[in-house]
Amino acid sequence: MREAVHISRAPAPGPGLQELLVQVARGDQDAFTQVYDQVSGPVLGLVRSVLRDPAQSEEVAQEVLVEVWRTAPRYQPSRGSAMNWVLTLAHHRAVDRVRSAEAAAAREHRAALLDRTPDFDEVSEQVESRLEREQVRRCLRTLSELQRESVTLAYYRGLTYREVGELLSVPLGTIKTRMRDGLIRLRDCLGVSA
Amino acid sequence: MSTAELHTLTGAYALHALPEEERLAFERHLGACEACTQEVRELSATAARLGLAVSAVPPPGLRERVLREIATVRQEAPPHSTSERSGVAPGRAGRWSSYALAACLAAAAAFGGVAVWQNQVAQDARQEALQARQQNEQLARVLAAPDARTSSGELEGGARGTVVVSRSANRAVFLASDMARPPGGKVYQLWFNDDGSMRSAGLMDPSATDDTVLLDGPVDGASGMGITVEPAGGSEEPTTQPVALMDFPDA
C-alpha cells in the first residue's frame, strides 16, 4: 500500500514545549492546553502499547496528563527535554499499572506475551509521527535480535529484565547487558543527545 | 552486586525494567558520577523516542475530561524555593560537578578505569544542606589531591570498600558499596589503625548500603583503617571484632 508521505519537519517536541511547561509550573491553564495538544498523542500511544486495553489506557493516560499538570514544577530543563520528561512519566505509570495488575492476576497472561511482538501498524496514524516511527523502526532493525527483543519487551510490554530473561530463556546478566548495548546502539542510530 | 555490574543496569533502568527494590538500590548509586548519570539521561531520552514512535490519536472526550480535572487539582510546590527553577542556576549537576568529577577520578583509579557509582546520594535527594556541601568540598579535596592514593578490597558478604588517602591533606575517605545494613540499633563505626590501637574515625550512615565517608580526624601516622559494628551513637573504643580491616595505600 502506498501512501502520500508528507515531508515535514521532525516530530514536534519543538522548542515551545519546554517553555510551555515552565508556564504550566506557574499555574497557567492555557499553557497546559497547548501542552496537552502536543503530548496527549504520544502519551496515549505509549500507554496503550503497554496496557493494550483501550479503556484502561485512556484512564491511565488521563492520570498521566493530570500528573503533568500537578508535578510540572518538578520539571528541570537542565535534565532533559520536556517530551522526554512527560513520556518517562507516562511509561512509569503504565508499567506500574501492569505490575500491580500482574501481581493481582498472578501473572497468568505472561505466556501470551511473546505473541505480542510490537506492532506499529495497529496504532492510529498521525502524519507527524510517521517519520519518527519510520526512523525508530529502521534503527531497531540495526540491533541484534536479542538486543531488540530485550529492549522492546521491556519498553513496549513493561516487563522487568527478569521476566524478559525467563521469557527468552537467556541468563539475566546477558539480558541486562543487551538492554544497555541495545539502547546505546539505538541512541547512536537515532542521534539522541541529552 | 559489584559496582561494575551496577554500571550495566543503566539500560534496564532507562527502560524501567528493574524491580522496585533494585531500582531503589540503583538510584542510590547514581549521583556521584556525572558521566554515569549522563548515560542514564541519554538512554532515557532514547527510550522516550520509542514512545514517541507509537503516538496515537486521543479521543475527543479525553481533552475535555483532562482540562476539567486539572481545574480542580492543586499543583505541587517547586522542589526548591531558590531560583533554580528559573533556569538561571546550574541546578544539581552544576553543584555536584566538582565532587562528581573527583569521585569519578578516584573510582577510575581504584578500579582500573571502570566507571562506578560510589555515593549514597540519590538523584532526586533534595535535602542537600550547606553542611553536606562543605563535607563534599572536603571530600573532593581529598579525592582530587595530587597525592591521593587508593586501595580497595572485598568486605564481608560481597561488599566492596575503597579507601582514598591524601597524605598532603592528611585526610582519608572511605567509599563502600553493597554493604549489608547493620543490625537494628547498631551502626558501622570507622577506626584509624594507629599501630594496632584503634582511634574513632566516625560513623557510617546506618540506612545506606553505599556510602562515602570523610573519616573524622587527621590520618597522621595511621597505617590502615577498620570497621566494627557498634551500638547506635558509636563507642569510645571497638567493642566487637572488626568486620573489615584495610591497610592504607603506601604514600
Does the stretch B:72-89 hold any residues that are at pLDDT 90 or above and within 7 Å of chain A (Cβ to nearest Cβ), and which are they?
B:Val73, B:Gln75
Residue hits (the stretch B:56-69; part of a helix (DSSP H, G or I), surrounded by fewer than 22 Cβ atoms within 10 Å (Cβ to Cβ) and facing chain A (nearest Cβ under 7 Å)) are B:Leu62, B:Arg63, B:Arg65, B:Leu67, B:Glu69
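Listed here are the residues, each with its yes/no results for (1) at pLDDT 95 or above; (2) buried (at least 21 other Cβ atoms within 10 Å of the Cβ); (3) within 8 Å of chain B (Cβ to nearest Cβ).
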| site | (1), (2), (3) |
| --- | --- |
| A:Leu65 | yes, yes, yes |
| A:Trp69 | yes, yes, yes |
| A:Pro77 | no, no, yes |
| A:Ser100 | no, no, no |
| A:Ala112 | no, no, no |
| A:Asp121 | no, no, no |
| A:Val127 | no, no, no |
Regarding B:Ala53, is this residue buried (at least 17 other Cβ atoms within 10 Å of the Cβ), facing chain A (nearest Cβ under 7 Å), in contact with a Lys or Arg (Cβ under 9 Å, 6 or more places away or on another chain) and modelled with pLDDT of 85 or more?
yes
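The values are calculated or read from the model by the stated rules, or taken from the named source; none is laboratory data. Just so it is clear, the model here is predicted, and its values are computed rather than measured. Note: ideal-geometry Cβ built from the backbone for every residue, glycine included; neighbour counts use all protein chains shown.
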